[in-house]
Amino acid sequence: MITTAGSLLFAAGAIATTQPAATGLGPTSFAPPGIFPTSVYKSYFNNPTATSAQPQPVISDPVLHSVYPFALTNPKNIPQNDTKDPHPLPPVASSSQLVQAAITQIESLFTNPVFGSNTCASCQAILEVLKFVSLAAPQETPNLVVLLCEKLDLSSNCEDEFGPLTLGSTLTQVLANADVGGYDGQAICGNFLSLCPMPTTSPLNLTGWFAKPKPNPLPSPKKPSGKLLKVLHLSDMHIDPRFATGAEANCSSGLCCRENAFNKESPQEPIFPAPRYGAFLCDTPYSLMLAAVQAIPVLTGTEKTGFDFGIYTGDLVSHDAENELSRDYVMYAETVLYDLLKRILGTGPFYVALGNHDTHNEAQDAPHSIGGALAEQFSWNYDHVTSLWQHEGWIDEATVQLARAHYAGYMVRRTDGLRVITLNTDFCNSNLFNYINLTTSDTSGMLRFLTDELQDAEDAGDRVWILGHVLSGWDGTNPLANPTNLSVISVDRFSPHVIAAIFFGHTHEDQFQIFYANNGTVMSAETAQTVAWITPSLTPLTNLNSGFRMYEVDSATFDIVNAFTWKADVNSFSDLDNQTEVGPAYVFEYNTRETYGGSIEGFGPNDPLNATWWHLVTEAMNTTTSLVTTFNTFQGKSSARTTACTGDCIQARICYMRSGSASLAFANCIPGFGSVQ
């Protein structure tokens, strides 16, 4: 173990390019020293100044009062199939329960109208068999799923994906509780196996959903103060402490830049050795992470003042294979990154939403409605992150308890009057537990929590920011239709007078989506209600540059007045190897108002970049398609690997921008053009 000492000094030897003082920002670019800042951590398991391997700091967990062992992150010996964590299973059903379940499911098989398709009927019939096995002998289901996976050739490594130490226990719980002969089964067979048509979005019963009708007329909007807050938005850092410098960065499958990664054309020798600052098919190494957090305060002009506050919209953990993950690995990433945000990026608090990678098993969270001990099987994670947030001084004890009761989602009312609501959006995406009673749209109660908090804000005359990870719309490929269909109804009810803005991450790309009145039946500047900002990721995965964003926000209305985005050119990282004079340069990419607002009439330089403004931007894109080309470039953070958007892609992208829910995207938009990766 190597021990270091000293203060957190980063600027010595740094290279910065000056920017005119009138902009109010920092320099146009900043490149930290090439040598790793060893004083960030007290001690290391290896030599942190070596350029041949990533630093391995000794990380102490302030909540658990323990040191994470080197074996957890040793790139040369990645743990496989961690046996320490529990993998809970549902209780064995009684004979009477088995009989009743069999009757119910047989009735579903007879009445479900989609059984005209043989593949769909076969898939759901298989799910019926698995259901009864899961009820009667749950310990057998994971192995049975592995056998079916191998027979149907669903994966190249079925045991590692669906065995009892990976997703097998989760699948068993879902099969035991889902209506596999009905809507749930059709959705499973459609979404995961493409053997059924996807079921249509369920009709909503909104009786009693809202405590009060929407005010008519709406309350008078708050008057802008003219004072601007600086707010940092980070997302999808995906730190990879197992990153192996020099390993294959152009691997044939899985996460690259790992000792176990290889290219099929040269399995013994890397074709493209991983640069120490990362590559397009890899997650974020420590070297890139520290380069970014050194650059952010300098570039945003917050070295002396700090940010007023920051928001983080999820995903801390690297994209490991399921059998390489564990609870400890998730908690390690949480400990490391929240600590860095607190210590290095300024004095303001960070408000955090969990991402689909911020749990174990990946993307899985059980709703409380599943009942019994299984309802609390992910409480270890909610307890850990909320304790870390409290340790960093971002939330108080009352908020800790609120978050633990709502899957780490919470509400904070700031002293300036802004309410920040964070959501666990695992209950809106491919989380397997969502396929239990999917027709209800809100089995977890997450959207009930959101709607109640919005009502309290309206009653108090407060404005709200909503943070989540998985976006609700765009091209519709990320969320589930039913929960997002309900969410946009709540957004409509409380916009534009309550909800000032919404923020997501997840796609790793720079995007936005507009929410309209009446679920988008008419899309115009007059019906545009609010906008969701989907921020670029810090990780380069996949084929993207590394990036981050800062907003200028009016301190009274909490509307976004401008946004600034920076990026680092991943394509140049190989040139930085074998030297320590300079690290990767983060450079100013674009100013949102200047880039898209040139033809927008009626908006002054201090007017908000609200939903009306963004709708007018999409109208300008319809007539000036070069704006879509510009958007496409920035969507990939100006990556050398960003694919062009031409032909049908242009209208598809504009349609995605106007889709606040998956249902709207599926109903209105040409599919297949959502990503530049």
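Restricting the first member to the stretch 146-162 and to residues that are surrounded by 14 or more Cβ atoms within 10 Å (Cβ to Cβ), and the second to residues that are charged (D, E, K, R), the beta-carbon pairs closer than 7 Å and six or more apart or on different chains are VAL146/GLU159; CYS158/GLU150; ASP160/GLU322; GLU161/GLU322.
For (1) among the β-branched types (Val, Ile, Thr); (2) modelled with pLDDT under 95; (3) over 20 Å from the mean Cα position of the chain (by Cα), each residue gets a yes or a no:
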{"site": "LYS264", "(1), (2), (3)": "no, no, yes"}
{"site": "ILE271", "(1), (2), (3)": "yes, no, yes"}
{"site": "CYS282", "(1), (2), (3)": "no, no, no"}
{"site": "PHE307", "(1), (2), (3)": "no, no, yes"}
{"site": "TYR312", "(1), (2), (3)": "no, no, no"}
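Applying a threshold of 9 Å to beta carbon distances and a minimum spacing of six or more residues, or different chains, the list of pairs starting in the stretch 313-335 at a residue that is under 24 Å from LEU232 (Cα atoms) and ending at one that is buried (at least 23 other Cβ atoms within 10 Å of the Cβ) and of a type in the set (Lys, Arg) reads SER318/ARG242. Scan the stretch 237-265 for residues that are surrounded by fewer than 21 Cβ atoms within 10 Å (Cβ to Cβ) and either out of contact with any strand residue (DSSP E or B) (no Cβ under 8 Å at 6 or more places or on another chain) or under 19 Å from LEU544 (Cα atoms) (or both) and the total you get is 8. I'm trying to understand the selection: among the residues of the stretch 525-566, which are more than 16 Å from LEU229 (Cα to Cα) and among the small types (Gly, Ala, Ser)? Selection gives ALA525, ALA528, ALA532, SER537, SER546, GLY547. Being assigned to a strand (DSSP E or B), of a type in the set (Val, Ile, Thr) and within 26 Å of ASP315 (Cβ to Cβ) is a property that THR539 lacks.
Only one of SER675, SER661 is closer than 11 Å to GLU509 by Cα, at pLDDT 95 or above and either in contact with a helix residue (DSSP H, G or I) (Cβ under 6 Å, 6 or more places away or on another chain) or hydroxyl-bearing (Ser, Thr, Tyr) (or both); which? Working first, answer last.
Values: SER661 fails: closer than 11 Å to GLU509 by Cα.
It is SER675.
Screening the candidates VAL470, VAL522 for the property of being out of contact with any Lys or Arg (no Cβ under 7 Å at 6 or more places or on another chain), surrounded by fewer than 24 Cβ atoms within 10 Å (Cβ to Cβ), at pLDDT 95 or above and not in a helix (DSSP H, G or I) yields one hit, VAL522. Yes or no: the stretch 200-221 includes at least one residue that is under 30 Å from PHE512 (Cα atoms) and under 22 Å from the mean Cα position of the chain (by Cα). Checked the stretch 200-221: no residue is under 30 Å from PHE512 (Cα atoms) and under 22 Å from the mean Cα position of the chain (by Cα).
Inside the stretch 211-237, can you point out the residues that are within 22 Å of LEU467 (Cβ to Cβ) and either out of contact with any His (no Cβ under 6 Å at 6 or more places or on another chain) or among the hydrophobic types (A, V, I, L, M, F, W, C) (or both)? Even if it seems obvious, please write down each step before you answer.
Step one: list which residues in the stretch 211-237 are within 22 Å of LEU467 (Cβ to Cβ), which gives 222, 228-237.
Listed by number, the residues that qualify are LYS222, LEU228, LEU229, LYS230, VAL231, LEU232, HIS233, LEU234, SER235, MET237.
Residues checked against (1) without any contact (Cβ under 8 Å) to a residue 40 or more places away in the chain; (2) aliphatic (A, V, I, L, M); (3) in contact with a Pro (Cβ under 9 Å, 6 or more places away or on another chain):
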site: GLY468; (1), (2), (3): no, no, no
site: ASN485; (1), (2), (3): no, no, no
site: GLU509; (1), (2), (3): no, no, yes
site: THR521; (1), (2), (3): yes, no, no
site: SER537; (1), (2), (3): no, no, no
site: PRO540; (1), (2), (3): no, no, no
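Go through the stretch 369-382 residue by residue and tally those that are touching a residue at least 60 places away in the same chain (Cβ under 8 Å), among the small types (Gly, Ala, Ser) and either crowded, with 22+ Cβ neighbours inside 10 Å or at negative phi (or both). Going through the stretch 369-382 one residue at a time, the tally reaches 2.
Consider only pairs whose beta carbons are under 7 Å apart and that are at least six residues apart or on different chains; among these, list those whose first residue lies in the stretch 186-205 and is within 15 Å of PRO113 (Cβ to Cβ) and whose second residue is in a loop (DSSP other than H, G, I, E, B) and hydroxyl-bearing (Ser, Thr, Tyr). These pairs meet every condition: CYS196/SER117; SER202/SER441.
Among the candidates SER60, SER39, SER94, the residue that is surrounded by fewer than 17 Cβ atoms within 10 Å (Cβ to Cβ), modelled with pLDDT under 90 and of a type in the set (S, T, N, Q) is uniquely SER94. Among the residues of the stretch 206-228, none qualifies, meaning not one is in contact with a helix residue (DSSP H, G or I) (Cβ under 7 Å, 6 or more places away or on another chain) and farther than 30 Å from GLU453 by Cα. Only residues that are among the acidic types (Asp, Glu) and within 21 Å of ILE370 (Cα to Cα) were counted in the stretch 145-183, giving 1. If only residues of the stretch 338-349 that are surrounded by 20 or more Cβ atoms within 10 Å (Cβ to Cβ) and either under 18 Å from GLU303 (Cα atoms) or touching a strand residue (DSSP E or B) at 6+ places or on another chain (Cβ under 6 Å) (or both) are counted, the one that is modelled with the lowest pLDDT is GLY346. Is one or more of the residues making up the stretch 321-328 more than 19 Å from the chain's Cα centre (by Cα) and among the aliphatic types (A, V, I, L, M)? Checked against the condition, which is being more than 19 Å from the chain's Cα centre (by Cα) and among the aliphatic types (A, V, I, L, M), the stretch 321-328 yields no hits at all.
Mind telling me which of the residues VAL293, VAL298, VAL317 ends up being under 21 Å from ASP61 (Cα atoms), among the hydrophobic types (A, V, I, L, M, F, W, C) and either under 19 Å from the mean Cα position of the chain (by Cα) or surrounded by fewer than 22 Cβ atoms within 10 Å (Cβ to Cβ) (or both)? Before you say what the answer is, go through the steps one by one.
Details: VAL293 fails: either under 19 Å from the mean Cα position of the chain (by Cα) or surrounded by fewer than 22 Cβ atoms within 10 Å (Cβ to Cβ) (or both); VAL298 fails: under 21 Å from ASP61 (Cα atoms).
Only one candidate passes the filter, namely VAL317.
Here is the figure for the stretch 383-429: residues that are of a type in the set (Gly, Ala, Ser), in a helix (DSSP H, G or I) and either within 22 Å of VAL336 (Cβ to Cβ) or in contact (Cβ under 8 Å) with a residue 60 or more places away in the chain (or both) total 2.
Which members of the stretch 496-506 meet the condition of being touching a Gly at 6+ places or on another chain (Cβ under 8 Å) and either touching a residue at least 40 places away in the same chain (Cβ under 8 Å) or over 22 Å from LEU354 (Cα atoms) (or both)?
At the first step, the residues of the stretch 496-506 found to be touching a Gly at 6+ places or on another chain (Cβ under 8 Å) are 502-506.
Listed by number, the residues that qualify are PHE503, PHE504, GLY505, HIS506.
Per the listing LEU175, LEU229, LEU234, LEU193, the residue uniquely aliphatic (A, V, I, L, M) and modelled with pLDDT under 95 is LEU193.
Being of a type in the set (D, E, K, R) and surrounded by fewer than 24 Cβ atoms within 10 Å (Cβ to Cβ) holds for only one residue in ASP456, ASP475, ASP426, and it is ASP456.
The values are calculated or read from the model by the stated rules, or taken from the named source; none is laboratory data. Keep in mind that what you see is a predicted model, and the values were worked out from it rather than measured. Backbone-built Cβ (ideal geometry, glycine too); neighbour counts: all protein chains shown.
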